[in-house]
1. For B:Lys52, list the lysines whose Cα falls under 18 Å from its own Cα; do not include residues on the same chain fewer than 8 positions away.
2. Calculate one ³J(HN,Hα) per residue across the range B:48-53 by plugging θ = phi - 60° into the Karplus curve 6.51 cos²θ - 1.76 cosθ + 1.60, and present them in order as whole Hz with x for glycine and proline.
3. Given a cut-off of under 8 Å on Cα pairs at least six residues apart, what relative contact order in percent is computed for chain B?
4. Quick one: what do you get for the range B:175-292 if you divide its Cα Rg by 2.2 N^0.38 Å?
5. Please compute, for peptide B:140-152, the average count of beta-carbon atoms on other protein chains lying within 10 Å of each residue's beta-carbon.
6. Quick check of the Kirkwood formula: for the range B:289-404, what is the inverse mean of 1/r over all pairs of different Cα atoms, in Å?
7. What's the extension gain from B:Ser216 to B:Leu243 if we count 0.36 nm per residue and subtract their Cα-Cα distance?
8. If you project the alpha carbons of chain B onto their three principal axes, what span does each projection cover, largest first, in Å?
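Where a number appears in this text, it was derived from the coordinates with a stated rule and is not lab data. Everything quoted here is computed from the prediction, not taken from an experiment. All Cβ positions, glycine included, derive from the backbone under ideal geometry; neighbour counts span all protein chains shown.
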Amino acid sequence: MRSTVMIAAFIAAAGLPFATFAQTRCAEGRTTGGQCVDEQLAASTRQTAIIFSQSKISHTAFPVLPSQDARYRYPNELIPNPLPPAGTGTPAAN
Amino acid sequence: MRLGTGIKLFAAGMAMAAGPVAARADLPGGAATVNAPWSITMASEVRYYSWKGTRGSPAGVSSERGSGTQIYVPYALQLVGMPHGLLKVELLGRGGWVRARQSTGGLSGDVSTATDTVVSGTATYLGVNGIQPFVSLSANLPTGKSALMGSAANARMDPDLVEISTFGEGWNVGPTLGFNLPLTSSFIVTASAGYTWRGAFNRENSLVAVPGTAQSLTSIDPGDVFTATLALGYSAGPWSAKLTASVSEETTTAESGVALYKAGRRYLAHASLSYSQPEFWGVTTLNASIAHSNRNQVRYAGAPDLLTETLNANANVYRLGLEHLVPVGALWLGPTGSYLHRDNNSYNSMTLQNVPAKDRYSAGLVARYAASDTVTFNLRAEHVWVRENERLAINGQQFSVYADAFVLSPAVPVVSSTGWQIAGGFNIKF
């Protein structure tokens with residue numbers, strides 16, 4: 001019983017600031033002046049920066065939903081795979 | 001108070017703290033939100049590629065006309081939420097299945113396999129006004145097939161015509177550190193640095209390196225990559241713009257324990273401009289990208305170490321993309337198109353190291369339909385035109401700077417290919 005009360009008190013204490021914060025929260029944080037940051041813009045620049053910083057994480061796909069491939073796949077189109085079968089030729093007979 | 005009640009209160013508090021999570025992000029505007037602490041999105045597509053051309057892939061192996069098809073089915077699960085009011089967490093796992101078939105005479109082959117699996121997790125701390133630091137960890141899990149033995153190797157086709165041209169590689173792990181710096185609510189500077197550890201994997205040796213020689217496994221240890229990225233995002237009224245630039249440095253790639261090459265420093269730049277006026281105009285998005293790489297270090301015949309190549313084997317690549325979507329009720333649709341140009345590299349066209357110029361055009365239609373706040377469908381159909389300049393070879397020989405000798409290599413005329421790319425899929429949010 002005592003442990004149940006302690007857990008409940010902890011949860012209440014932990015939950016209260018969350019609930020208070022929820023009234024004024026911004027989905028992507030705030031500027032130094034306290035304004036909410038543009039949610040889509042912040043998420044988009046972060047996602048782009050992560051993909052550019054990991055442009056060779058996989059030749060198959062970047063870690064995005066398939067529906068977003070058209071939006072984020074272009075680094076792959078710009079970086080050629082250096083390991084396809086290549087016609088290196090055979091030394092010519094003298 | 002019962003423990004169960006406490007947990008329910010806690011869960012309710014968490015839900016309030018987490019608040020709305022972006023939904024329908026794949027739709028233009030994407031402003032719809034759902035009030036849930038965690039948002040789970042399941043997504044999949046079926047993509048079909050079909051092409052034909054005056055040559056197969058690679059173009060120098062067979063002089064017969066080429067053709068091929070590919071079916072690629074990616075699927076993914078994404079979890080986005082705020083387990084703490086000041087921490088945003090994004091998790092994603094993505095796999096897929098692919099079947100590829102090339103039907104070129106002398107180059108026919110097919111492969112069916114699961115693709116590699118990609119996983120990632122990103123945590124963004126929102127508790128400091130003026131800066132939002134984030135840490136991300138991505139990984140490639142080798143669930144695909146890196147070695148294609150026998151004729152299956154011929155299923156590797158031109159990546160300008162099909163999406164999957166590499167069917168597997170090794171374990172890759174890539175941490176990224178960065179931050180968003182919102183100078184105003186709609187002007188954001190994002191900086192990040194990532195390191196990609198790329199694990200070794202086996203693959204077959206080249207089918208065409210020494211014609212007639214039986215295939216054997218060879219071990220590839222690809223170079224690791226360090227990349228620094230800077231992105232600027234700005235929006236004002238119906239306009240939004242994004243500029244991204246990165247520089248990458250790569251370590252040496254080895255084959256069977258022997259240094260093979262070290263890619264030159266690579267620069268990427270991308271710009272995106274979007275105009276959104278759904279009531280009168282729709283949404284127009286223009287993308288432009290450019291890539292440049294410095295000279296590679298390569299293995300010259302007889303040299304004990306890698307040497308910087310005398311000319312640059314890397315071509316510059318330029319890409320433009322334009323899309324315009326118009327809302328018709330819950331349906332968004334419109335045209336899409338792109339142009340990609342790869343200029344020929346610095347090597348003389350009579351050397352084996354010459355990579356000829358190449359152009360790729362695409363035009364098609366995109367449609368997205370929001371069946372509800374939680375279900376969207378996507379459809380994309382594009383026609384593709386590819387043209388690669390000729391490769392010269394007098395008497396069937398070209399000069400190889402690596403062999404320091406003339407080697408047999410047939411001339412390849414201009415290669416023209418056309419293809420269709422059709423994709424349809426869905427996103428379901430829970």
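1. B:Lys358
2. Per residue, the Karplus-derived 3J(HN,Hα) values read 10, 10, 9, 9, 8, x Hz.
3. 12 percent.
4. Relative to the 2.2 N^0.38 Å estimate, the range B:175-292 comes out at 1.57.
5. Mean inter-chain Cβ contacts per residue within 10 Å come to 1.
6. Result for the range B:289-404, one decimal place: 17.7 Å.
7. Extending this stretch completely gives an extra 5.2 nm.
8. 86, 47, 40
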